[in-house]
Each structure stands twice: as structure tokens, then as C-alpha cells.
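The next block holds one structure in the form of C-alpha cells; read it before the comments.
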Amino acid sequence: MNVATFKKVNKKFLPKKYMFAPEWIILGVNNVCNLHCKMCDVGTKNLDSNFAQNLVGTHPINMPLPLIETIIDQMAEYYPSSKLAYAFTEPLVYPHLEASLKYAKQKGVECSITTNALTLKHKAKIVADSNVYISLDGPQDIHNEIRGHKKSFQKAIEGIEEVLSINPNATIGVFCVITEWNIGHLNEFLDFFKEYPLQQIGFMHSNFVEQDVADTHNQIWANSYPATASNTDEVNVDNLDLDILWNEIATIKSKNFKFPISFSPEIASKEKLHEYYHKPEVQIGKMCNDVFTNVMIKSDGSIIPAHGRCYNLELGNIYEENLKQIWNGRVLSKFRSALSKNGGLLPACSRCCSAF
């Protein structure tokens, strides 16, 4: 039995005793963001949702350097093949970014950074040797309107070009969330980047939790894994022109680029596309993948499963237990088991990217 098959068997039949290391340790290094995205609870200041609480609900504002060094030490000791992801809220404004990246390099821990790239030009030397994943929402004017900053797209492009000037072989990926504001502009967005030496461009269908879905979920799970509506404040699904979107997806898939193009999730028909957005109670994925591959550590040392989109469930705290104890601990084991017993997903997991 190869490793991949063994993992699959382990997840299905013995989820409480998972025998493999995490692939990623995700960091919420700070609780601030320098943009105001329309499809994000942090950007719209809906700070009571699970998503916002996971991203900006802890103190201190910035993860202390000794804490991140402890995390890196434990990764080097227990999980040397795991990768460290700076993902939330906006890593490039984290004051200890350079020092912590240098420390990770000394310890042989591979790092990636997910950023809105607003300050990338000024931080290019610091991150040029890391894997850099940039969130952009469409062509210049569309992106700037969504992000609430009149020059955010231009600054991101300046940053990409600065990184490439320092390291022509830099690993840069671009990811775009599909929203009501950029449908009809995705081809234009792709064409802008056609000559850039990117690792990939990924399009992500919106991840969200409707209030009705949260209510249904909480009828069963309110005491264990309570859900909230998330990332719906300024989003109106009825404004998505799904016929145009479906045609755009087909056109994009018919083209050839120098880099791979992906969609998450891959949707097989126009009918399924309508189902994704208009019937969010219908589960698209089969099981949560991330609960077996990563955890997220917040600025106060507390750890939640998967990443910011998951339930606000504290698995433990790095100040009190080490990574190995928490990864194999009672709380996460119980959560994996609950997911497995309920077919791999809970009701409020239906539009989370971890399910695809």
C-alpha cells in the first residue's frame, strides 16, 4: 500500500488516530488588513462572524517574534517536511516578517506568503526567495473598486515586477475570487498576465455561509461547532450573471497559457454552477481535506483547525502544548471523527474551499 492510499484509509476508517504529519502550519501573524474587500467580513467590518473572529479576534495585534520562533523550532523538530504559510491577515505589514523568515531559513523550514501585495514592492527583497501567492480580483479598475483602494492593483503589479527583478525564478501565483463585480472581466484579467512568468493563476468560486445554512447547522451543532453567516454582507448572489460566467469559464479553458489555470471547485455544468450559488445547502465536496493537512495558529498562540474559514474551535495553545500534542490531541481528533461520521462535512462546510 503506497502512502497516498494509506492516508486515504486512515482518514476514512481511523480519523481519530491520524498517523501523518501536517502538510502546512498556517499563521495568522497579525490582526490588521490594509484593504477593505467587499467580499470579506474583515473588510466590511462584520466582526462577529467566525471568519472575522478567526482572523482578527485575538490579542496581541502582532504575533510576538519569540512565539513564531517557537513554532519554527517545533516544526524543525517534529515536522521538518511541513511548510509554514504566512496567510492572515496581511503578512507584509507584520513587523517581524523579515526576522522570522530568516529564522525559518536557518532552521530549514520552507515558507510561503499569501498577500494582497499592496506593499510588495517595498518588501520584495524580504520575500523574493519565498513562495508568494497574490490575491487579485480582476483588471485594474475592477480590482481597485472591490478592494477599496484606487491604486492597489498598480501597486501589486509593481511589487510582482520588483520581485522578478530580484529573483527571475521567483515562485509567484495569483488567485482571483469570482464575485458579482468581476464576472465578465476574467478573460481580460488573464490576458493581462499572459507574458508574466507565473507559477499559476487560480480562480476561486466564492466561499461563504448563508444565514439559513448556519441556522440549519446550528440546530444540530450549536453546542459543539457553532456556525455563523460569513462573507455575505455586501454580496448579493442574485447579481451574479452565471450565464456570462459559464461562458467565460469555457473560453478560459479553451485557451493555452504559459502557466496552468485552475478553478476551485471545478464545476462540470451550467446547472451545477447555478446549484453552487443558489442552493448553498447542497454540499458540493465530499470531505474536509484540510483538517488532515493543516492547522492555523493565531497571534495569541491559540490554534484552530484548517484555516480562517473553519469553525472558531480552539484545539489548544502553543504556549501550553507543543504542535505534536495539539495535532494529535483530543479536540482535533474528536472534530475529525465528527466530520467522518457525518459523511466528511458538516452543514456549514458546504461552500468552504477545504471541501473541494
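The values are calculated or read from the model by the stated rules, or taken from the named source; none is laboratory data. As the structure is a computational prediction, the values presented were derived from the model and not from experiment. Cβ atoms come from the backbone with ideal geometry, glycine included; neighbour counts cover every protein chain shown. In case anyone asks, the SASA skips ligands and DNA or RNA and just uses the protein heavy atoms, side chains included. Shrake-Rupley method; radii C 1.70, N 1.55, O 1.52, S 1.80 Å.
Is it true that some residue in region 63-84 is open to solvent by less than 50 Å² (accessible area, probe 1.4 Å), touching a strand residue (DSSP E or B) at 6+ places or on another chain (Cβ under 7 Å) and among the charged types (D, E, K, R)?
Within region 63-84, not a single residue is open to solvent by less than 50 Å² (accessible area, probe 1.4 Å), touching a strand residue (DSSP E or B) at 6+ places or on another chain (Cβ under 7 Å) and among the charged types (D, E, K, R).
Yes/no matrix, rows are residues, columns are (1) at pLDDT 95 or above; (2) closer than 28 Å to I26 by Cβ; (3) in contact with a Gly (Cβ under 8 Å, 6 or more places away or on another chain):
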position: N256; (1), (2), (3): no, no, no
position: S269; (1), (2), (3): yes, no, no
position: Y276; (1), (2), (3): yes, yes, no
position: S302; (1), (2), (3): yes, yes, yes
position: R309; (1), (2), (3): no, yes, no
position: R330; (1), (2), (3): yes, yes, no
position: R336; (1), (2), (3): yes, yes, no
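Spot the failing condition for K298; the list is (1) touching a strand residue (DSSP E or B) at 6+ places or on another chain (Cβ under 8 Å); (2) open to solvent by 20 Å² or more (accessible area, probe 1.4 Å); (3) over 16 Å from C176 (Cβ atoms), and only one is missed.
Unmet for K298, out of (1) touching a strand residue (DSSP E or B) at 6+ places or on another chain (Cβ under 8 Å); (2) open to solvent by 20 Å² or more (accessible area, probe 1.4 Å); (3) over 16 Å from C176 (Cβ atoms): (2).
Residues that are of a type in the set (V, I, T) and more than 19 Å from the chain's Cα centre (by Cα): list the helices (runs of 4 or more DSSP H) wholly contained in region 1-77 that include at least 2 such residues.
3-13
If you scan region 301-317, which residues turn out to be touching a residue at least 24 places away in the same chain (Cβ under 8 Å) and either in contact with a His (Cβ under 6 Å, 6 or more places away or on another chain) or open to solvent by less than 10 Å² (accessible area, probe 1.4 Å) (or both)?
Passing the criteria: G301, S302, I304, P305, A306, G308.
Quick grid of which residues meet (1) modelled with pLDDT of 95 or more; (2) under 21 Å from the mean Cα position of the chain (by Cα); (3) not in a loop (DSSP other than H, G, I, E, B); (4) not aromatic (F, W, Y):
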| residue | (1), (2), (3), (4) |
| --- | --- |
| Y133 | yes, yes, yes, no |
| G138 | yes, yes, no, yes |
| H143 | yes, yes, yes, yes |
| Q154 | yes, no, yes, yes |
| I160 | yes, yes, yes, yes |
| L164 | yes, no, yes, yes |
| G184 | yes, no, no, yes |
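Looking at this structure, is P60 modelled with pLDDT of 95 or more and over 20 Å from S112 (Cβ atoms)? Steps first, please.
Numbers: modelled with pLDDT of 95 or more: yes; over 20 Å from S112 (Cβ atoms): yes.
Considered against the rule, which asks whether it is modelled with pLDDT of 95 or more and over 20 Å from S112 (Cβ atoms), P60 comes out as yes.
State all residues of region 263-287 that are among the small types (G, A, S) and either more than 19 Å from the chain's Cα centre (by Cα) or within 20 Å of L240 (Cα to Cα) (or both); if no residue qualifies, say none.
Within region 263-287, S264, A268, S269 qualify.
Go through (1) part of a helix (DSSP H, G or I); (2) in contact with a Leu (Cβ under 9 Å, 6 or more places away or on another chain); (3) over 28 Å from G138 (Cβ atoms); (4) of a type in the set (A, V, I, L, M, F, W, C) and name the single condition I252 misses.
(3)
When you check V291 against the structure, is it farther than 17 Å from T58 by Cα, in contact (Cβ under 8 Å) with a residue 24 or more places away in the chain and among the aliphatic types (A, V, I, L, M), yes or no? First the steps, then the outcome.
Working: farther than 17 Å from T58 by Cα: yes; in contact (Cβ under 8 Å) with a residue 24 or more places away in the chain: yes; among the aliphatic types (A, V, I, L, M): yes.
Yes, satisfied.
As an exercise: evaluate H274 against (1) in a helix (DSSP H, G or I); (2) touching a residue at least 40 places away in the same chain (Cβ under 8 Å); (3) within 28 Å of L346 (Cβ to Cβ) and give the number of the one condition it does not meet.
Checking H274 against (1) in a helix (DSSP H, G or I); (2) touching a residue at least 40 places away in the same chain (Cβ under 8 Å); (3) within 28 Å of L346 (Cβ to Cβ), the one that fails is (2).
Suppose the filter is in a loop (DSSP other than H, G, I, E, B) and within 15 Å of the chain's Cα centre (by Cα); does N223 pass it?
Considered against the rule, which asks whether it is in a loop (DSSP other than H, G, I, E, B) and within 15 Å of the chain's Cα centre (by Cα), N223 comes out as no.
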